[in-house]
Amino acid sequence: MVKQYPDYPWFQGFEGVSRFEGELYDCIVEGTIPPSIDGTFYRTVPDPQFPPKEGYENDVPMNGDGQIDAIRIQDGHVDFKQRYIRTQKFCIEREARRSVFGLYRNRYTDDIGVKHLVHSTGNTHVVYYNKMLLALKEDSPPYALDPDTLETLGRPPSMTGGLIGRIVYLWRTIEESDVHRASEI
């Protein structure tokens with residue numbers, strides 16, 4: 001039997017769980033898109049693929065699995081894609097068909113077999129860097145994504161250790177203009 005999501009505000013209405021992955025081409029647009037607009041808007045949001053563990057129904061929304069959205073505008077057309085970020089947490093819970101990680105940033109509430117693993121959800125911020133997207137969470141290494149397909153490529157080898165691996169979460173605080181300059185590197 002499938003467990004239901006709790007009766008809490010962050011699991012209902014506008015904040016409700018979508019659990020959707022897909023693509024929609026040629027979205028309906030009201031009005032006209034100027035031809036000079038050509039680009040992609042990316043965003044990440046928390047979206048738990050499974051209800052929280054028993055007893056932890058009041059966990060914070062930021063513990064949800066990362067979803068990446070892309071809205072591509074080109075030649076007056078708008079396309080939309082949405083996928084889960086395949087973090088280690090997501091893949092383990094997908095295989096188990098239930099939540100095995102507990103409360104947000106509290107390893108003592110995890111199932112015993114996952115307490116030592118990276119708890120990244122990749123649901124906090126996304127930046128374009130070195131021809132890939134980086135899905136970020138403040139306390140974890142980033143996950144690399146293909147900017148066209150949104151496929152999770154894994155953790156970038158150059159960012160799994162050393163100084164960059166420890167401070168990459170600071171990207172979230174960099175001003176927009178700095179992110180654009182960094183993405184051209």
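The values are calculated or read from the model by the stated rules, or taken from the named source; none is laboratory data. Predicted, not measured: the structure shown is a model, and the values here were computed from it. Glycine also receives a Cβ, built like all others from the backbone with ideal geometry; neighbour counts cover every protein chain displayed.
Looking at region 61-69, is at least one residue under 21 Å from Gly22 (Cα atoms) and among the hydrophobic types (A, V, I, L, M, F, W, C)?
Within region 61-69 (the criterion being under 21 Å from Gly22 (Cα atoms) and among the hydrophobic types (A, V, I, L, M, F, W, C)), the answer is yes, since at least one residue qualifies.
Quick check: anything in region 23-30 in contact (Cβ under 8 Å) with a residue 12 or more places away in the chain, over 16 Å from Tyr84 (Cβ atoms), buried (at least 19 other Cβ atoms within 10 Å of the Cβ) and of a type in the set (Asp, Glu)?
no
Here is a check on your reading of the model: is Arg83 more than 30 Å from Pro34 (Cα to Cα) and either in contact (Cβ under 8 Å) with a residue 24 or more places away in the chain or small (Gly, Ala, Ser) (or both)?
no
Which of the residues belonging to region 47-89 are assigned to a strand (DSSP E or B), surrounded by 15 or more Cβ atoms within 10 Å (Cβ to Cβ) and not hydrophobic (A, V, I, L, M, F, W, C)?
Selection gives Gly66, Gln67, Asp69, Arg72, Asp79, Lys81, Gln82, Arg83, Tyr84.
Taking Thr44 and the conditions (1) surrounded by fewer than 17 Cβ atoms within 10 Å (Cβ to Cβ); (2) on the phi < 0 side of the Ramachandran plot; (3) not small (Gly, Ala, Ser), which numbered condition does it fall short on, given that it satisfies the others?
With respect to (1) surrounded by fewer than 17 Cβ atoms within 10 Å (Cβ to Cβ); (2) on the phi < 0 side of the Ramachandran plot; (3) not small (Gly, Ala, Ser), Thr44 is out only on (1).
Quick check on Met159: is it modelled with pLDDT of 80 or more and either buried (at least 17 other Cβ atoms within 10 Å of the Cβ) or within 18 Å of Lys81 (Cβ to Cβ) (or both)?
Taking the combined requirement at face value, the residue does not satisfy it.
Of all residues in region 115-127, which are crowded, with 17+ Cβ neighbours inside 10 Å and not hydrophobic (A, V, I, L, M, F, W, C)?
His119, Ser120, Thr121, Gly122, Asn123, Thr124, His125
Please find, within region 90-109, the residue that is surrounded by the fewest Cβ atoms within 10 Å (Cβ to Cβ) out of those that are outside any loop (DSSP other than H, G, I, E, B) and in contact (Cβ under 8 Å) with a residue 24 or more places away in the chain.
Filtering region 90-109 for residues that are outside any loop (DSSP other than H, G, I, E, B) and in contact (Cβ under 8 Å) with a residue 24 or more places away in the chain, the one surrounded by the fewest Cβ atoms within 10 Å (Cβ to Cβ) comes out as Arg94.
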